[in-house]
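The values are calculated or read from the model by the stated rules, or taken from the named source; none is laboratory data. All values derive from a computational prediction rather than experimental measurement. As a convention, Cβ positions derive from the backbone with ideal geometry for all residues, glycine included, and neighbour counts pool all protein chains shown. For accessibility, only protein heavy atoms count, side chains too; no ligands or nucleic acids. Shrake-Rupley method; radii C 1.70, N 1.55, O 1.52, S 1.80 Å.
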Amino acid sequence: MTLRPGALAGLPVADVLDEVVAASRPDAAGRGGSVGVTAPPGSGKTMLVPAALLDDLPRGARVDLLQPRRLAARSVAGQIARLRGGEVGGEVGYHVRFDARVGPATRLVVQTTGIMLRRLLDDVELAGTGCGGLDEFHERSVEMDLVLGRLVRIRATLRPDLRIAVMSATLAAEPVARLLGASRGTPCPVVTATGRMYPVEIRYGRHGDQRDLEELVVAAVGGAIRATDGHVLVFLPGVGEITRAEQAVSALADREGCMLLPLFGDLPPEAQDRALADLGRRKIILATNVAETSLTIPGVTAVIDSGLARQMRVAGATG
């Protein structure tokens with residue numbers, strides 16, 4: 001894959017793309033065809049690896065790239081489309097619940113896990129798919145594991161030409177490599193890109209502070225704005241907390257000339273794009289944990305973590 005000059009060519013994953021593509025190719029007997037890729041967030045694996053695999057597939061074959069979150073799927077499709085000099089819905093598209101932008105020429109489809117599961121029910125051999133890519137695999141779920149298991153079964157029984165690429169930022173790669181290499185009796189190759197290290201200063205809030213969360217956010221954002229010169233990213237547990245923090249921080253944002261932008265999965269696509277785009281002004285982004293690993297927001301120099309997250313869990317006693 002030919003990279004545009006500048007930052008893309010300097011991303012850590014760009015140095016190992018040839019190794020990833022070579023490892024993904026099945027041999028003459030149809031064995032192999034799987035690769036694991038581990039790289040820290042922001043190293044370029046989501047943008048560069050699927051595009052490189054697409055360029056190595058036979059003409060007409062497509063890449064189905066899985067993203068656990070709808071917001072990330074839309075964003076990733078846009079980034080890859082721009083990387084390849086096109087628009088979303090052309091060579092690169094996305095398919096999420098209630099929204100799809102694909103066309104006759106689309107050969108790389110970024111989709112959520114639920115969309116892929118539905119397709120696996122309707123098309124047991126994944127006709128036309130040359131490579132199934134699972135991104136952010138460290139965000140483990142029953143659905144993602146089921147998709148991986150189905151891909152492995154399809155390749156072992158119906159489609160020895162099907163390639164599988166599993167990408168992760170933090171997951172231990174050895175168990176996945178053993179699963180993907182089970183048909184050959186040896187683990188599949190795992191390619192690791194080393195991330196670039198930056199100095200990070202960690203500051204903690206005062207222990208036992210009894211102020212409301214939005215008051216704590218105002219104080220922390222004010223300090224971050226004075227201490228840094230880039231965007232400020234604030235992690236909050238949910239939409240309610242984001243709404244209350246937005247009201248509390250609005251006066252501070254106006255005084256400092258900053259844009260105040262929420263970011264969560266149920267926002268309209270246009271509002272999500274505003275939070276991710278370069279708008280020419282400093283931004284204060286109030287986000288759920290969707291921005292932890294699924295998205296990389298350029299220009300952030302301060303991160304404020306509330307230490308809170310809202311998660312759904314199944315109660316075994318009641319189901």
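Can you say whether Val147 is open to solvent by less than 20 Å² (accessible area, probe 1.4 Å) and assigned to a helix (DSSP H, G or I), as far as the supplied structure shows?
When the stated conditions are applied, Val147 passes them.
For segment 150-161, which positions are open to solvent by 10 Å² or more (accessible area, probe 1.4 Å), in a helix (DSSP H, G or I) and either touching a residue at least 24 places away in the same chain (Cβ under 8 Å) or of a type in the set (Gly, Ala, Ser) (or both)? Don't jump to the end; show me each part of the working.
Keep residues of segment 150-161 that are open to solvent by 10 Å² or more (accessible area, probe 1.4 Å), which gives 150, 152-153, 155-161.
Remaining after also requiring in a helix (DSSP H, G or I): 150, 152-153, 155-157.
Result: Arg150, Val152, Arg155, Ala156.
Can you tell me which residue in segment 188-211 is modelled with the lowest pLDDT, limited to those that are small (Gly, Ala, Ser) and farther than 30 Å from Gly32 by Cβ? My answer is Gly208.
Checked against (1) open to solvent by 60 Å² or more (accessible area, probe 1.4 Å); (2) part of a loop (DSSP other than H, G, I, E, B); (3) at pLDDT 90 or above, Arg140 passes all but condition (3). Within segment 283-303, the set of residues being open to solvent by 30 Å² or more (accessible area, probe 1.4 Å), at negative phi and not in a helix (DSSP H, G or I) comprises Glu292, Thr293, Thr296, Pro298, Val300, Thr301, Val303. The set of residues in segment 115-167 being within 19 Å of Leu71 (Cα to Cα) and acidic (Asp, Glu) consists of Asp135, Glu136, Glu139, Glu143. Restricting segment 162-185 to residues that are assigned to a loop (DSSP other than H, G, I, E, B) and in contact with a Pro (Cβ under 6 Å, 6 or more places away or on another chain), the residue that is most open to solvent (accessible area, probe 1.4 Å) is Ala169.
Could you give me the residue pairs with C-beta distances under 7 Å whose first residue belongs to segment 262-274 and is surrounded by 14 or more Cβ atoms within 10 Å (Cβ to Cβ), whose second residue is among the polar types (S, T, N, Q) and assigned to a helix (DSSP H, G or I) wherever it lies, and which are 6+ apart or on separate chains? Note: pairs meeting the criteria are Leu263/Gln272.
Answer yes or no as to whether Gly280 is closer than 22 Å to Asp135 by Cβ and in a loop (DSSP other than H, G, I, E, B). No; evaluated as a whole, the condition is false for this residue. For first residues located in segment 55-67 and outside any loop (DSSP other than H, G, I, E, B), partners that are open to solvent by 60 Å² or more (accessible area, probe 1.4 Å) and not charged (D, E, K, R) and lie 6+ apart or on another chain with Cβ distances below 7 Å form the pairs Asp55/Met1. Condition test on Gly132, is it of a type outside the set (Val, Ile, Thr), outside any strand (DSSP E or B), under 18 Å from the mean Cα position of the chain (by Cα) and more than 17 Å from Ser75 (Cβ to Cβ)? Taking the combined requirement at face value, the residue does not satisfy it. Filtered by the rule that a residue be under 19 Å from Thr243 (Cβ atoms), modelled with pLDDT of 85 or more, among the small types (Gly, Ala, Ser) and in contact with a Lys or Arg (Cβ under 9 Å, 6 or more places away or on another chain), segment 265-319 gives a lone residue, Ala275.
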